[in-house]
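K.L.:
Submitted below is the structure of interest, expressed as structure tokens.
The values are calculated or read from the model by the stated rules, or taken from the named source; none is laboratory data. The model shown is predicted, which means the values in this text are computed figures rather than measured ones. All Cβ positions, glycine included, derive from the backbone under ideal geometry; neighbour counts span all protein chains shown. SASA here: full protein model, heavy atoms, side chains in, ligands and nucleic acids out. Shrake-Rupley method; radii C 1.70, N 1.55, O 1.52, S 1.80 Å.
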Amino acid sequence: MPDHDGDEEGRVMLAPPSLKAKKGRGAVSNLQGRYELHGRVAFDDGWPSEEEGDGAPAWKTQVSDEQAKTILTRNASPDIPFNVSLNPYRGCEHGCIYCFARPTHSYLGLSPGLDFESKIFAKVNAPELLRRELAKASYVPEPIALGVNTDAYQPCERERRLTRRVLEVLHECEHPVALITKSALIERDIDLLAAMAAKRQAAVAITVTTLDPAIARTLEPRAAAPARRLRTIRTLTEAGIPVGVSIAPVIPFVTEPEIERLLEAVCEAGAINAHYVVLRLPWEVNPLFQQWLQAHFPERAQRVMNRVREMRGGKDYDSSFASRMHGEGVWADLIRQRFEKAAARLGLNAARGSRFRQLDGSQFKRPLVIPPLGARAKSGTEGQLDLF
């Protein structure tokens, strides 16, 4: 492994050989976060662990309520096509091993590994906070990216319905929104999204990483299957909702061979644009991904990482805005050419920020009802009575 000259993002803590993949989970271990004061090292004392064997308990998901202080996040990164985002949840049960948001669980004193995908925090006051933000006299409407750090339609949304309630506020205020998801649950909200799309106030991006269900089961274990995502693209398109596709990440020797077939499949399903991002390995994502490689693709793990380093100037990751999304060098250029030629042949608009630029915020109106600070989340008849 190359010398990283003290670059903390390049430090890798590979899993001991005894660590194995967890059924239904992306991470192989509960790797300690970089802010932990005390280190822990696995030691094999010869006794079977509680996680070994067919009778091992499943790694259960815990969803905790969180009273957020703010709900809109402002972005200043020049390589991201939106300025404002909203995330109703922290952590994500989909368990995508490559997720760039995994390191954020370190801020909570939790692991970016198995904790990130099993200890979820629901911002139960998200709709009320959003309503208060939109009611401010100083607020200037611009498209909100919904579900960027973690998927707004992850499994717990079925019961929590926070994303649905956020969309209801945006629909009421005629505020533009762009969503990105890997979940078919978004079809539940077609009634809101179709009405907003008719006024150019809503657009959707579906992430499709691979067409191979076997790879998807380990790469994104609790997200919708590839075929189901294609059906979601078709369903949303038929409802009049513009759908783009994010082919991300492109992983050398794992998902990279599918670039052309992926574009053909999403085009046939009705997608109108597409963009791609090559594999990014910031902070703890790096060791977690390498553990995953060793567990699922040991025969090609070294080849994958060698190619990643060729696209990152010899390092595991380069965070500079100019290259972090697409990499640099010969192999990065080959991926770019393949993607652009296939997209042009299929008539797919490859402009990454097009779905944001096409949204209209000119019809925005401030909410009529503003909940008091600390108001308890309400829904249904109980919430309607507060209007009188």
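K.L.:
Got a sec to turn the phi values of region 181-187 into Karplus ³J(HN,Hα) couplings, 6.51 cos²θ - 1.76 cosθ + 1.60 with θ = phi - 60°, whole Hz, x for Gly and Pro?
P.N.:
Couplings: 7, 10, 10, 6, 4, 4, 4 Hz.
K.L.:
Computed FRET efficiency, Cβ-Cβ of residue 23 and residue 137, R0 41 Å: what is it to the nearest 0.05? Let's see the in-between values first.
P.N.:
On the way: r = 52 Å, r/R0 = 1.28.
For residue 23 and residue 137, the calculated efficiency is 0.20.
K.L.:
Using the Cα gyration tensor of region 197-268, with a ≥ b ≥ c the square roots of its eigenvalues, what is the shape: rounded (a/c below 1.5), prolate (a/b larger than b/c) or oblate (neither)? Please list the in-between numbers first.
P.N.:
On the way: a/c = 2.29, a/b = 1.94, b/c = 1.18.
Verdict is prolate for region 197-268.
K.L.:
Under 5 Å between amide H atoms, partner at least 5 residues away or on a different chain: which partners does residue 119 have, H built in plane at 1.01 Å?
P.N.:
Hits under the 5 Å cutoff: 62.
K.L.:
List the residues, sorted by chain then number, that are 5 or more residues from residue 360 or on another chain and whose placed amide H is less than 5 Å from its amide H.
P.N.:
HN-HN under 5 Å from residue 360: 201.
K.L.:
Given 23/119; 69/365; 20/123, which pairs have Cα atoms separated by over 21 Å?
P.N.:
Working: 23/119 16 Å; 69/365 24 Å; 20/123 33 Å.
Beyond 21 Å: 69/365; 20/123.
K.L.:
Under a 5 Å amide H to amide H cut-off, with H placed in plane at 1.01 Å, what residues pair with residue 148 once short-range neighbours are removed?
P.N.:
Here 86 satisfy the definition.
K.L.:
Something else now. Based on the mean of other beta carbon atoms within 10 Å per residue, what is the order of 356-363, 227-234, most packed first?
P.N.:
Details: 356-363: 14.9, 227-234: 19.1.
My ranking of the peptides, most packed first, is 227-234, 356-363.
K.L.:
Less than 15 Å Cβ to Cβ from residue 187, Lys/Arg counted +1 and Asp/Glu -1: what total charge do the surrounding residues give?
P.N.:
Details: positive: 158, 161, 164, 182, 188, 228, 229, 231, 234; negative: 151, 157, 189, 191, 238.
Net local charge, residue 187 excluded: +4.
K.L.:
Could you run the Karplus curve 6.51 cos²θ - 1.76 cosθ + 1.60 with θ = phi - 60° over region 195-207 and give me ³J(HN,Hα) per residue in whole Hz, x for Gly and Pro?
P.N.:
Each residue of region 195-207 in turn: 5, 6, 5, 4, 9, 6, 10, 8, 8, 10, 10, 9, 7 Hz.
K.L.:
So, with +1 on the Cβ of K and R and -1 on the Cβ of D and E, and no other charges, what is the size of the charge dipole of region 276-361 about its Cα centre, to the nearest 20 debye? Working shown, then result.
P.N.:
Numbers: 15 positive and 9 negative charges, 51 e Å.
Value, rounded to 20: 240 debye.
K.L.:
Let me ask another. Could you order the peptides 325-336, 186-197 from most to least packed, using the average number of other C-beta atoms within 10 Å per residue?
P.N.:
Values: 325-336: 15.9, 186-197: 18.6.
Output ranking for 325-336, 186-197: 186-197, 325-336.
K.L.:
Given the protein chains as shown and a 1.4 Å probe, how many square angstrom of residue 341 are accessible, to the nearest 10?
P.N.:
140
K.L.:
Once each part is reduced to its C-alpha centroid, what is the distance from region 251-316 to region 83-97 in angstrom?
P.N.:
What the calculation gives is 20 Å, centre to centre.
K.L.:
In whole Hz, what ³J(HN,Hα) sequence does region 266-278 give by Karplus (6.51, -1.76, 1.60; θ = phi - 60°), x for Gly and Pro?
P.N.:
Using θ = phi - 60°, the values come out as 6, 5, 4, 6, x, 4, 9, 8, 7, 9, 9, 9, 6 Hz.
K.L.:
Which whole-number percent is the relative contact order of region 215-341 (Cα, under 8 Å, 6+ apart)?
P.N.:
Numbers: 118 pairs, mean separation 29.8, N = 127.
Contact order relative to length: 23 percent.
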